[in-house]
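Please read the structure below before turning to the comments.
The values are calculated or read from the model by the stated rules, or taken from the named source; none is laboratory data. What you see is a predicted model; the values in this text were computed from it and never measured. Backbone-built Cβ (ideal geometry, glycine too); neighbour counts: all protein chains shown.
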């Protein structure tokens, strides 16, 4: 098992633990603290600060970056990123539907189909982490910018009262695990053609030495 796989498994285990703690009510004091002391920007207008990691903008950005990956490498390296974002959206809806978080905002509606009473995990933080990871995969030198973006989104969702501390923890664990899976799959796809090319080159060298 690679380091990335072990870290992804650790993120999954951590997410299960935090989810269980939230469901049991053991984290209410921590979350009440964040509501009382960590949201100086509460109000609907401030929520626009989190727009870059909203579901639709994030999906659009990931699709564009996946096309960049496809053109630079291959479709096998491109598909994991939108796939993991899709998984994150499903996991977010499931968590907000079934995990009982403290009530501090009106239910979130998805069209006229679904009403989500919970807030765990933070989809914005999860998507910010996925966006940051694909950017770093494409352009490693932008790592400080990507990390700053994730930190910015954590501060925004807490300061505006969109989420509480355990929501953020859940978003980081979910996004971190999925980002590691996407990176592992994309990196494997990136290395596969190179491995085949090297194998063909070695084969040609052997044939030339043997006079075939």
Taking the range 62-98 on its own, how many of its residues are touching a residue at least 12 places away in the same chain (Cβ under 8 Å), surrounded by fewer than 19 Cβ atoms within 10 Å (Cβ to Cβ) and under 17 Å from residue 167 (Cα atoms)? 4
Please determine, by comparing only the residues of the range 13-31 that are in a helix (DSSP H, G or I) and surrounded by 17 or more Cβ atoms within 10 Å (Cβ to Cβ), which one is farthest from the chain's Cα centre (by Cα). 31
Inspect all residues belonging to the range 153-166 and state whether any of them is under 21 Å from residue 68 (Cα atoms) and within 17 Å of the chain's Cα centre (by Cα). no
Verdict on residue 189 being over 17 Å from residue 86 (Cα atoms) and either touching a helix residue (DSSP H, G or I) at 6+ places or on another chain (Cβ under 8 Å) or at pLDDT 95 or above (or both): yes
Tell me, yes or no, whether the range 32-53 has at least one residue that is part of a helix (DSSP H, G or I) and within 18 Å of residue 180 (Cα to Cα). no
Identify all residues within the range 117-142 that are closer than 22 Å to residue 83 by Cα, touching a helix residue (DSSP H, G or I) at 6+ places or on another chain (Cβ under 7 Å) and surrounded by fewer than 24 Cβ atoms within 10 Å (Cβ to Cβ); write none if there are none. 132, 133, 135, 136, 137, 138
2 or more residues in contact with a strand residue (DSSP E or B) (Cβ under 9 Å, 6 or more places away or on another chain): qualifying helices (runs of 4 or more DSSP H) within the range 55-142: 80-98
